Structures are given as structure tokens and as C-alpha cells.
Amino acid sequence: MGAGHGHRLHYHGHSRVHRAPAHLKLLALLGFVLLAVAVPPGWWAAYPVLLAVLLGVVLLARVPLGYLARRMWIEVPFLVFAVLLPFVATGPRVEVGFLSLSEPGLVAAGGLAAKGTLGVLASLTMAATTEPADVLRGLRRLRMPDLLVQIMSFMLRYLDVVTADLARMTTSMRSRGCDPRSPRHWPTLARSMGALFIRSYERGERVHLAMLSRGYDGELPR
């Protein structure tokens with residue numbers, strides 16, 4: 001349980017964006033995402049403006065664009081869904097080469113891809129310029145229920161522990177000739193995931209009992 005608490009998304013720096021209060025950055029992120037989502041279909045000129053504002057913040061924070069680009073793989077499911085939309089949506093069709101695509105589907109796909117990209121890039125910028133502990137303090141200042149903040153703090157604290165457990169289990173499986181990526185070995189992988197879940201659940205029970213024995217009454221020390 002003494003694993004290090006390094007956070008891969010954070011980019012160490014001393015810019016004005018890094019020094020800004022976390023609760024203000026959370027409000028700015030929420031406002032930016034809501035503004036991007038609220039852009040009506042077909043208002044394509046709004047997206048370059050929002051992207052320019054976001055890139056200005058990134059440059060002010062002095063976070064390399066390549067650092068953020070390498071972490072945008074999380075957007076892949078949104079992009080896959082956006083690519084499929086013109087094929088499955090109804091409405092007037094347009095011929096693009098040998099493909100017949102839905103015009104409303106194309107508009108929706110473009111909007112989804114643009115909004116998803118802006119939201120993911122804004123979230124990564126927030127994560128790159130704000131330590132997780134500062135985010136939790138910011139959420140407290142914004143009056144988020146304390147129990148939710150506690151759950152999030154334990155998730156951050158023990159994420160590295162569970163990840164290390166998974167890495168050791170994967171190494172053990174490979175040393176015994178089991179390839180987790182092979183469909184033949186997926187039953188073994190499923191049993192390993194079940195064992196990892198039970199182990200994590202039992203660890204949570206032990207931590208909770210240890211907290212109660214030390215006088216935990218629903219609130220953590222600030």
C-alpha cells in the first residue's frame with residue numbers, strides 16, 4: 001500500500017495556469033465543455049474559435065502539444081461512433097465516391113467529433129496543470145458532497161496499487177504461457193479479473209475497518 005502516487009497526466013510546471021486555484025479551473029472547464037456542447041448543428045465557425053481559446057490556454061500553461069496529443073487515445077470510441085453515424089443515420093443521402101452517406105449523419109458526426117475533441121483536450125489540459133490533490137480541494141470548495149470527495153481520494157490513492165497488482169498477475173500469466181490477448185485464454189483472464197476484484201474489495205474492507213478503529217466518523221481530517 002506504500003506505492004508511489006505519481007500521476008501520469010500531470011505535467012510539472014510553474015505557469016499561471018498551474019498556479020491558478022483549482023476550483024476556478026474546474027468552473028472554467030465545466031463552462032467551456034457546456035459551451036462546446038451547446039453549439040448548434042452546422043455552426044462550424046464556432047469550433048475554430050473554441051479551439052483557438054483552448055490552444056491559447058495550453059500555450060500559456062507551456063504544456064507541449066505532443067504531450068497532450070499522445071494522451072488523446074481515450075477519444076477513439078467517440079471517433080469510431082462518429083465515423084459510423086453517416087452510414088447508419090436516416091435522412092437524405094449524398095454520394096461520396098461509391099459510398100452513400102446520410103447528410104444529417106455527416107453533420108452529426110462532424111459535430112460529435114469536434115465537441116469530443118474539444119472536451120477531451122480541455123480535460124487533459126486541466127489534468128496536466130492541476131495535481132489530483134488540488135482537484136479534490138477544489139471540489140470541496142465547490143461544496144461537492146464530502147463522501148464523494150472521499151471516494152475519489154481513495155480511488156486516486158489506491159489506483160496505483162490495483163494497477164501494480166494487475167501487472168504482477170499479467171506477468172505471472174505470461175510466464176505460464178498464457179497470452180491475455182488471445183481469445184483462447186480469455187476464460188483465464190476473466191478468472192484473474194474476478195480474483196483482482198475480490199482482492200481489491202477485501203483490501204477496501206481492511207482499510208475501512210482500520211479507519212473505524214482510529215475513530216473515523218464519516219469525515220477525514222483536512
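Quick notes on this structure:
- With respect to the conditions (1) assigned to a loop (DSSP other than H, G, I, E, B); (2) within 27 Å of Met155 (Cβ to Cβ); (3) not hydrophobic (A, V, I, L, M, F, W, C), Pro77 lacks only one, and its number is (1).
- Under the condition of being among the hydrophobic types (A, V, I, L, M, F, W, C) and within 25 Å of Leu84 (Cα to Cα), the residues counted in segment 100-135 number 12.
- Candidates Ala36, Ala82, Ala89 - the one that is at pLDDT 90 or above, among the small types (Gly, Ala, Ser) and open to solvent by less than 80 Å² (accessible area, probe 1.4 Å): Ala36
- Ser200 under 24 Å from the mean Cα position of the chain (by Cα) and over 30 Å from Leu54 (Cα atoms): yes
One line per residue, one yes/no per condition, for (1) assigned by TED's automatic domain parsing to the domain that holds Val58; (2) in a helix (DSSP H, G or I); (3) closer than 14 Å to Ile74 by Cβ:
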position: Leu112; (1), (2), (3): yes, yes, no
position: Gly119; (1), (2), (3): yes, yes, yes
position: Ala122; (1), (2), (3): yes, yes, yes
position: Thr125; (1), (2), (3): yes, yes, yes
position: Ala133; (1), (2), (3): yes, yes, no
position: Val149; (1), (2), (3): no, yes, no
position: Ser153; (1), (2), (3): no, yes, no
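- Residue among Leu147, Leu159, Leu166, Leu136 that alone is free of Cβ contacts under 8 Å to residues at least 40 places away in the same chain and farther than 30 Å from Ser15 by Cα: Leu166
- For segment 170-180, the criterion of a residue being in a helix (DSSP H, G or I) and under 24 Å from the mean Cα position of the chain (by Cα) is satisfied by at least one position.
The values are calculated or read from the model by the stated rules, or taken from the named source; none is laboratory data. Note that the structure is a prediction, hence the values are computed from the model and not measured. Glycine gets a Cβ as well: all are built from the backbone with ideal geometry, and neighbour counts include every protein chain shown. SASA here: full protein model, heavy atoms, side chains in, ligands and nucleic acids out. Shrake-Rupley method; radii C 1.70, N 1.55, O 1.52, S 1.80 Å.
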